[in-house]
Amino acid sequence: MQKVRALLVFCEGSHDVAFVCRVLEHGLDFAKKTWRFSKLPAPLNSLFKTNFENHAARDLRLDMTHKVFLPDRVLQCEDVVALIFNSGGKNNKQPIVDFLSDFLPLFEQAAVFPGQTDAVVTQARFLFLYDADAKGVEKIRKDVKAAFSSIDGKPWLADDWRIDTNDPAGAMAANKALYVWNGKGGQGTLEDILMPVLRASEPELANDAERCIEALFDWETEHENSVHSVAEQARQQKAAITLAGQREKPGMSMSVILGQTQVLQDNVLVADIRVASFARYLASFIGFA
């Protein structure tokens with residue numbers, strides 16, 4: 001029976017999922033997997049199957065049929081299996097809490113009673129990824145600590161954050177970690193990391209896309225550091241990245257542009273200082289460094 005280390009990554013949205021998968025693939029040599037539930041290591045094999053069956057058995061509206069909390073992507077490198085979840089927003093932490101409530105007891109049991117399986121999770125690490133927005137990195141750390149300090153009444157995220165000395169966007173607390181996307185002054189979003197990669201990958205295309213988006217719509221970004229201006233800048237950057245990918249993927253969303261095109265070129269992406277720093281942080285947390 002193979003012993004597996006699990007990396008469970010909880011992303012704020014679909015853009016984060018696409019970006020993290022590319023960093024794992026091209027920066028850390030992970031490969032995408034399309035396993036059936038039964039091929040996943042215990043206890044994930046039984047947990048996902050049971051959750052899906054219970055969800056499907058409920059009398060649901062059509063718009064609720066897809067809202068079972070499963071990983072969007074599964075990747076593997078050596079003995080590490082990475083499961084990338086889309087939590088559906090910074091304020092939507094309850095699905096993660098519910099998942100942890102189901103997973104943690106089964107994880108403890110699986111190490112002792114793995115059952116009939118080819119692989120079992122013997123170590124688990126948990127990574128949270130959020131935008132700083134206008135709140136700033138430190139406020140996001142406090143919010144995450146408060147949201148996940150206990151699971152089912154038992155202490156969980158109990159240790160203090162230990163800030164990464166090489167990258168202050170990252171912090172760790174035992175087998176939990178948090179990385180906060182940010183830009184100028186510790187505020188901002190993932191797009192503050194993505195836009196420089198786009199400009200370096202396709203300078204003319206990026207310039208044309210930004211000029212077009214700026215000319216088509218009014219963007220209120222002049223009030224520096226305000227909640228509104230940080231959000232507006234993120235929207236403007238999202239629009240420019242999405243527009244830049246329309247030749248390759250017409251009509252598609254930004255997450256598709258990130259995940260399925262080379263508008264942000266692989267070699268430029270992994271060489272970018274901010275992306276390389278995040279990859280190094282990931283490797284250190286996983287135990288590759």
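Estimate the FRET efficiency between residue 149 and residue 39 by the formula 1/(1 + (r/R0)^6), using the beta-carbon distance for r and 41 Å for R0, to the nearest 0.05.
Numbers: r = 34 Å, r/R0 = 0.83.
Taking R0 as 41 Å, the efficiency between residue 149 and residue 39 is 0.75.
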XL table 3/142; 39/154; 3/49; Cα-Cα > 26 Å flagged, in table order, is 3/142; 39/154
Expressed as a percent, the accessible surface of the range 192-289 that is carbon or sulfur, using a 1.4 Å probe and the full set of protein chains, is 53
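Given the Cα atoms of the range 235-289, and with Rh set as the inverse mean 1/r over their pairs in the Kirkwood sense, what is Rg to Rh to two decimals? Each step should come with its number before you reach the end.
Working: Rg = 13.8 Å, Rh = 12.6 Å.
Looking at the range 235-289, the ratio lands at 1.10.
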With the convex hull built on the alpha-carbon atoms of the range 115-155, volume per residue in Å³ sits at 115
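If the convex hull of the alpha-carbon atoms of the range 172-289 is projected onto planes in all directions, what is the mean projected area in square nanometres? Spell out each step's value before the answer.
Working: hull surface 34.3 nm².
Mean projected area of the Cα convex hull: 8.6 nm².
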Cα extents of the range 98-249 along the principal axes, largest first, in whole Å, come to 61, 35, 29
Over the range 171-289, with neighbouring protein chains present, the accessible area per residue in Å² at probe 1.4 Å is 48
Shape descriptors of the range 1-57 over alpha-carbon atoms, Rg and Dmax in angstrom, are 13.7, 40
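The values are calculated or read from the model by the stated rules, or taken from the named source; none is laboratory data. Model, not experiment: these values are computed from the prediction. Heads up, the Cβs are rebuilt from the backbone with ideal geometry, glycines too, and the neighbour counts pull from every protein chain shown. Quick note on the areas: whole protein, heavy atoms, side chains included, nothing else; ligands and nucleic acids left out. Shrake-Rupley method; radii C 1.70, N 1.55, O 1.52, S 1.80 Å.
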